[in-house]
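Note sheet for the following structure.
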Amino acid sequence: MEKLILLPVFAQVLLTSIVMILMGKRRIKAAKAKEISITAFKTMNLTGANEQVIATSRNFDNQFQMPMLFIFSVLFVLQSGLADLGYVLLASAFVVLRIWHTIIHIGSNKVRLRFNVFLLGCAVLWVIWLRLAWQLFY
């Protein structure tokens, strides 16, 4: 199970990398179209950038928030020797929800749906942490 639980982590890293590449492409396209000046990147003041540029940039930032707590949880599960099918399924569910959240965020950007998917991902992450705490302390 130790190797299986790492698959969702690798998927999360891949997702973050894909968003980073897409963000770069969208920023370059906006700069070439003179929607934003190249000097805007000195301070990352994206005022005037189109919605796609801003949403992709925000989504990239999001990949270093809850997903970091996810990665730490996997490290603690591995360090404690607790990796099992339950954690693999929870970790997989979390990453699938992050992928879905990203698709919404950098695509249609339907806020209510995006928020609901985000909350569901948070709930899965909380279950991971509560289960881990329970197993470590009880």
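Nothing in this text is a laboratory measurement; each read-out follows from the coordinates by a stated rule. Note that the structure is a prediction, hence the values are computed from the model and not measured. Counting neighbours? That spans all protein chains shown, and the Cβs are built from the backbone with ideal geometry, glycine included.
The stretch between LEU22 and TRP134 holds 36.4 nm of extra length on full extension. This uses 0.36 nm per residue minus the Cα-Cα distance. Only one residue of ALA83, PHE41, LEU4 has its Cα farthest out toward the positive end of the dipole of the chain, where Lys and Arg carry +1 and Asp and Glu -1 on Cβ, and that residue is PHE41.
Could you list the residues of the range 13-47 with an amide nitrogen less than 14 Å from a label point located 7 Å from the Cα of ILE71 in the Cα-to-C-beta direction? Counting backbone N atoms under 14 Å from the label point, the list is 13-20.
Just checking the listed ones, LYS110, LYS29, LYS42: in the Gaussian network model of the chain with Cα springs under 10 Å, the one fluctuating most is LYS42. Distance between the pseudo-spin-label points of LEU7 and GLU51 (7 Å out from Cα toward the beta carbon): 3.7 nm. Among the chymotrypsin sites (Phe, Trp or Tyr not before Pro) within the range 46-122, those in coil by DSSP and having at most 16 neighbouring Cβ atoms inside 10 Å are PHE64. If one puts a single equal scatterer on every Cα of the range 72-138 and applies the Debye formula without solvent, what log₁₀ I(q)/I(0) results at q = 0.22, 0.24 Å⁻¹? Debye output, listed in q order: -0.85, -0.95. Average projection, convex hull of the Cα set of the range 6-137: 8.7 square nanometres.
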